[in-house]
Amino acid sequence: MERNRKKTERTIRAVVFDMDGVLIDSEPVYLRHTVGMLQADYPQVTEKAMNPTVGMRSKEYRTFMAGLLRMEEEDPGFLELIERINDECHVDYREIMRPEVPGLLRTLRDMGLKTGLASSSSISNIQQVLKECGITEYFDSIISGDAFRRAKPDPEIYFCTFERLGVSPQEALVVEDSTYGVAAGAASGAFVTALKDNRFSFDQSPADMRIKSLAEIPAIVAGGGRSI
């Protein structure tokens with residue numbers, strides 16, 4: 001557990017999670033699938049070239065991919081290709097769920113905390129992941145970034161989540177991993193914990209604390225933003 005800067009102890013009443021890369025280790029799976037489908041015809045599509053897409057919502061992802069593939073974003077051929085990539089990506093979400101997640105969510109509920117999910121993924125994908133992982137019931141608020149005009153790193157999705165949960169930003173702990181997500185959480189005024197991941201060169205410097213495992217969260221909550 002690493003702290004980035006000293007903060008005044010606070011009372012935490014809610015924990016808000018990102019999904020991809022946090023609850024499920026999906027990002028390497030998506031990247032490998034996309035590269036595997038495209039690289040033969042588009043050699044510029046490598047995992048390194050795709051790294052900036054980690055944490056993007058679907059709209060920004062399409063724009064990025066159109067540029068990478070040197071195609072027009074509204075080209076029917078491009079849209080068909082992106083749809084085929086998505087349709088042929090079959091993931092066992094329970095298999096890639098971080099093993100500590102169900103126990104963590106039960107612990108947070110037993111501690112009397114509210115929990116939210118604020119993900120850049122589509123609402124249909126979010127619902128599929130939560131259903132297959134058997135954890136839908138643990139969330140008091142579930143929001144997709146597609147519902148907002150501005151995507152992460154804009155904090156709008158977090159402001160909406162805090163309002164739904166009935167807490168102030170100072171009463172919330174945000175759990176993120178990507179550059180965009182950590183920046184959004186920090187901009188919201190919440191206490192931000194970043195799950196360490198050295199595979200994608202994320203900038204996690206705006207986070208208040210970096211953690212190796214989600215299992216550390218209950219202690220951080222109990223300590224008001226400090227480990228106990």
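The values are calculated or read from the model by the stated rules, or taken from the named source; none is laboratory data. Predicted model, so just to flag it, every value in this text is computed and none were measured. So basically every Cβ, Gly included, is an ideal-geometry build from the backbone, and we count neighbours across all protein chains shown. Ligands, DNA and RNA are excluded from the accessible area calculation, which covers all protein heavy atoms including side chains. Shrake-Rupley method; radii C 1.70, N 1.55, O 1.52, S 1.80 Å.
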Inset, instruction - Mind putting a number on the dipole of segment 141-228 about its Cα centre? Charges go on the C-beta only, +1 for Lys and Arg and -1 for Asp and Glu, and I need it in Debye to the nearest 20. - result: 140
Legend entry - Dipole-positive endmost among LEU38, LEU81, PHE17 within segment 1-87 (Cβ charges, Cα centre): PHE17
Legend entry - Electrostatic dipole magnitude of segment 1-118 [Cβ: Lys, Arg +1; Asp, Glu -1; Cα centre; debye, to 20]: 1100
Inset, instruction - Give the carbon-plus-sulfur fraction of the accessible surface of segment 107-228 in %, rounded to a whole number; probe 1.4 Å, heavy atoms of protein chains only. - result: 48
Inset, instruction - Determine the sum of side-chain charges near VAL167: Lys and Arg each +1, Asp and Glu each -1, restricted to other residues whose C-beta is under 14 angstrom from that of VAL167. - result: +1
Legend entry - Between segment 142-209 and segment 46-81, the Cα center-to-center distance that results, in Å: 23
Legend entry - Principal-axis tilt of helix 179-188 within the chain, Cα atoms, nearest 10 degrees: 40
Legend entry - Tensor-based shape of segment 38-81 (alpha-carbon gyration tensor, a/c under 1.5 rounded, otherwise prolate or oblate): oblate
Inset, instruction - For every other residue with a beta carbon closer than 10 angstrom to the beta carbon of SER119, add +1 if it is Lys or Arg and -1 if Asp or Glu, then tell me the sum. - result: -1
Inset, instruction - For segment 1-87, with all protein chains present and a 1.4 Å probe, just round the carbon and sulfur fraction of the accessible area to a whole percent. - result: 48
Inset, instruction - Would you mind checking the tilt of helix 101-110 against the longest principal axis of the Cα atoms of the chain, expressed as 0 to 90 degrees and rounded to 10? - result: 30
Legend entry - Nearest 10 degrees, 0 to 90: helix 123-133 Cα axis against the chain principal axis: 70
Legend entry - Karplus 3J(HN,Hα) series, Hz, for segment 38-46 with 6.51 cos²θ - 1.76 cosθ + 1.60 (x for Gly, Pro): 9, 5, 4, 8, 10, x, 6, 7, 10
Inset, instruction - First select every other residue whose beta carbon is under 15 angstrom from the beta carbon of GLU72; then total the charges, Lys and Arg +1, Asp and Glu -1. - result: -2
Legend entry - Accessible area expressed per residue, the chain, with surrounding protein chains retained (probe 1.4 Å, Å²): 47
